[in-house]
Amino acid sequence: MFKCSCGGALLVKEVEPYPLNLSSLEKLEYERKCKVECPDCNNVLEGQKYD
């Protein structure tokens, strides 16, 4: 779990989907990004590592 600069927990709001036509092995190695939001201060961070 990651914490916001205000001390709140960052919650995952959106996860980047896998690109089309990836094999199962390629999906395991692909590093997806996500958007996270702090429910306490409504701070939104994009491009955070998900996998």
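The values are calculated or read from the model by the stated rules, or taken from the named source; none is laboratory data. Keep in mind that this is a model prediction, so the values were computed, not measured. For accessibility, only protein heavy atoms count, side chains too; no ligands or nucleic acids. Shrake-Rupley method; radii C 1.70, N 1.55, O 1.52, S 1.80 Å.
The residues of the chain expose, per residue, 81 Å² of accessible area to a 1.4 Å probe. Applying 0.36 nm per residue to the separation of Lys49 and Lys27 and subtracting their alpha-carbon distance, the gain on full extension is 6.5 nm. Shown for the chain: the carbon plus sulfur share of the solvent-accessible area, taken with all protein chains present and a 1.4 angstrom probe, equals 50%.
Computing Rg and Dmax of the Cα atoms in Å for the structure here picks out one of [x] 13.2, 40; [y] 22.5, 77; [z] 12.3, 36, namely [x].
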